[in-house]
Amino acid sequence: MKKILMMMALVATALFVVTACDKKDDDDNGGNGGNEDSGIVTLTAPPYKDEARVLNITQDNSEGIKQLRLMESGGYMITRQAGSANARIRRAGSDDGIYEFGKYTYSGGKYVFDNGMTISVEQSGSGQNVEVTITWKNGTSIKTTATIVTSSSVAAGIFTDNLCSRPWKVERVIASAAFEGKTLGKEFKGPVDLAEVKAWYENNFGKFKDQFDANTIVEGIYFDSKGLFAINYQNRIDDVGTWRWTSMNDGDLVYTWNDKQSAISLFTGSASVEFTKSPESCKLILKGVVNGIDFEFAFYMK
């Protein structure tokens, strides 16, 4: 009987040692290990991670195109010169440029845009210089030169892939503010109308400097691994800027707008992200100060 008990104890000890080793191995994966048991969630990989690039156009062209940004998610952003006579745009722009967002697919060496445009990129000599052919839906085309942007302030890893996996659509927003020792909060259902957010602010805290017309809808939020952060609206200038990690393992980041004069002051400051696997979603928490009041906006996105 003693022998049987001793054997059972040895088996239990061995199982404990194996389990402990497995757990240590999981922990050694670190913040980018991808092991969901250790709290790291991996979402669907960005579909065009290998094809994503940023092209700075180096030659004047009739379309006024300054930059083509092809994101990992299959989203694109075209930046045009403000006031370009031939610019085909969905939005008004700022002095920094005119931004047009949409989706693309990549096949047979060509990027096919949902606005009817296709582009092909060919190496021009050595280095990062390329020739770009842009063809419109009606068959007309232009050829121009560009350089591929290689610098990036964004670290590669699972958190970056998660952010860049899609243009995020906002389902709901929870706004909260710390004021005179109290915290006030309100939930807004998506698609979020910023005019409603403004009304809630003014009912509780006084005049709000940003002017939102009715139906100022947040359409989507974009990130790419080259550091783009953009909030895309239905009927106002898009907020476009840059972002970088302050602590990727903690999901903490900071962002700044290209045009601080027109950027919405509600969405200014630091942020953090959380991901869930089922359903695949992202919680983006934007933090900032408006008129001396600390605000936090939790965007629940899919």
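Ranked from the most accessible area to the least, with a 1.4 Å probe and all protein chains present, what is the order of Met248, Met117?
The residues order as Met248, Met117, largest area first.
Express in Å², to the nearest 10, the accessible area of Glu280 obtained by rolling a 1.4 Å probe over the protein heavy atoms while all chains stay in place.
Number for this one is 40 Å².
Determine the alpha carbon to alpha carbon distance for each of Lys169/Lys189; Lys66/Lys209; Lys207/Lys287; Lys209/Lys287; Lys49/Lys302 and list only those over 22 Å.
Among Lys169/Lys189; Lys66/Lys209; Lys207/Lys287; Lys209/Lys287; Lys49/Lys302, the Cα-Cα distance tops 22 Å for Lys66/Lys209.
When all protein chains stay in place, what accessible area (Å², nearest 10, 1.4 Å probe) is found for Lys103?
For Lys103, solvent-accessible area is about 120 Å².
The values are calculated or read from the model by the stated rules, or taken from the named source; none is laboratory data. Everything quoted here is computed from the prediction, not taken from an experiment. Surface areas here come from the heavy atoms of the whole protein model, side chains and all, with no ligands, DNA or RNA. Shrake-Rupley method; radii C 1.70, N 1.55, O 1.52, S 1.80 Å.
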